[in-house]
1. By how many degrees, between 0 and 90 and to the nearest 10, does the Cα long axis of helix 86-95 differ from the longest principal axis of the chain?
2. For segment 333-413, state the semi-axes of the equivalent ellipsoid (square roots of 5 times the eigenvalues of the alpha-carbon gyration tensor), sorted largest first and rounded to whole angstrom.
3. Of P217, N379, A235, which is farthest on the positive side of the dipole of the chain, counting Cα position, with +1 on Lys and Arg Cβ, -1 on Asp and Glu Cβ, and the Cα centre as origin?
4. At 37 °C and a viscosity of 0.692 mPa s, what translational diffusion coefficient does Stokes-Einstein give for segment 24-75, taking Rh as the Kirkwood radius over Cα pairs? Give it in µm²/s as a whole number.
5. Taking the Cβ of each residue in K49, K250, K3 as the centre, tally the other Cβ atoms inside 10 Å and list the residues starting with the fewest.
6. Which of F236, F342, F185 moves the most in a Gaussian network model of the chain with Cα springs under 10 Å?
7. Among T108, T12, T352, which comes first, then next, by fewest other beta-carbon atoms within 10 Å?
8. How big is the antiparallel share of DSSP beta bridges in segment 333-413, given as a percent to the nearest 5?
Amino acid sequence: MSKKTPQAIRGTQDIFGADAEAFAFVVETFERVRRLYRFRRVEMPVFEKTEVFARSLGETTDVVSKEMYSFEDRGGESLTLRPEFTAGIARAFLTNGWQQYAPLKVATHGPLFRYERPQKGRYRQFHQIDAEVIGAGEPQADVELLAMADQLLKELGINDVTLHLNTLGDGASREAWRAALIEYFRAVKDQLSEESQERLEKNPLRILDSKDPRDKPFLADAPKIDAFLSEEASAFFAAVTSGLDAAGVKWVRAESLVRGLDYYRHTAFEFIPDEGSASAAALGSQSTVLGGGRYDGLMESLGGAPTPAVGWAAGIERLAMLVGAREEAQVDVIVVVENDSFVAQGITALQTLRANDFSADMIASGSPRKRFDKASKINPRAILSIGGEGIRSAPVRSSEEDLTNRVADLIFGSGILNER
């Protein structure tokens with residue numbers, strides 16, 4: 001009886017070849033840019049106590065009620081695979097004494113887990129890059145994060161996206177706006193979608209970003225946050241927008257852009273592909289490329305002191321889709337051992353090249369007469385042949401003269417081969 005080969009779990013992916021190179025390019029670019037902005041690298045646990053996410057994201061949110069991968073460990077404690085980074089970073093800030101480093105700028109990347117319907121650009125195990133500034137209540141922190149995001153996207157070659165920006169106001173502004181939204185939508189409750197009816201009392205802001213056609217007629221005339229902003233909240237948003245202008249970051253106002261959780265304050269933002277652009281076509285309905293906001297009330301929900309914070313995250317898979325498939329970089333040198341008695345010299349040459357920052361590989365198997373042709377088909381920048389006509393006549397062959405000379409100087413200068 002033959003055993004069937006196990007299949008990958010639905011909603012996961014095996015990334016290989018040109019797709020893996022695109023994935024790596026996103027991560028490498030993110031790492032380089034976060035160093036330019038002096039964000040510290042952090043590594044977070046893949047799972048946390050379930051209460052970390054339940055308290056930070058809210059018991060009634062879809063993520064907590066429907067999408068989390070939670071399980072009971074052998075000690076009887078409920079644990080959850082992380083569905084996002086911010087809650088775990090906030091927990092670490094409180095439990096590890098990171099307050100001493102405030103304002104703390106941190107960045108990370110890695111896998112996250114949500115049980116949702118797999119679709120284009122969305123998986124049950126997916127990967128994100130994440131950047132947070134904790135302990136900075138000034139609008140300049142928002143500007144720096146957004147400038148960092150803008151530079152990252154440009155360095156990835158993603159130029160057909162625009163920053164959509166809104167303010168949620170301070171606590172008092174947001175609460176007044178929330179009350180006005182409830183009053184407005186109550187008057188048309190029976191005409192709203194079932195989901196918006198459910199959100200009306202507990203999360204009315206989320207109705208504003210509804211995509212249901214039944215809700216659309218009522219959104220344009222819904223109360224706007226600007227009518228409820230305090231002087232301080234207006235000044236904060238003005239400082240953010242003027243800072244973005246000074247940094248050369250293009251933005252548009254998006255009055256319907258909201259965050260439903262109560263601890264969000266002030267700035268909310270998303271980078272969205274321009275209509276009709278290549279990025280819009282590539283992503284389809286999954287329109288947001290990078291998003292985030294200011295979450296000044298989160299630390300209190302986890303039992304900490306009031307602490308201002310702002311952050312963003314972006315899906316690596318989506319960014320890689322926009323970057324496009326990337327081929328492996330051309331190898332610098334292929335070492336061809338054309339005589340089996342010179343394998344040891346070939347290994348020494350190979351390791352010497354790698355130790356001196358040349359990417360290198362070796363061909364020392366198969367028919368000796370065909371090894372050089374096999375190396376040529378790989379199209380390296382240079383071929384180092386050892387033992388073709390004896391060790392003294394081992395040539396470096398390359399279309400790049402400078403590389404040829406550097407490889408020759410290294411190999412012959414180190415005494416691995418005796419003559420040029």
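1. Helix 86-95 sits roughly 90 degrees off the main axis of the chain.
2. Whole-Å semi-axes of the equivalent ellipsoid: 18, 14, 12.
3. N379
4. On the way: Rh = 14.0 Å.
Answer, rounded: 235 µm²/s.
5. In increasing order of surrounding Cβ atoms, one gets K3, K250, K49.
6. Of the options given, F342 has the highest mean-square fluctuation.
7. On the way: T108 21, T12 13, T352 18.
So the ranking, lowest neighbour count to highest, is T12, T352, T108.
8. Antiparallel bridges make up about 25 percent of those DSSP assigns within segment 333-413.
We did not get these values from a lab; they are worked out from the coordinates using the rules stated. For clarity, every value in this text was computed on a predicted model and none was experimentally measured. Reconstructed Cβ throughout: ideal geometry from the backbone, glycine too, with neighbour counts over all protein chains shown.
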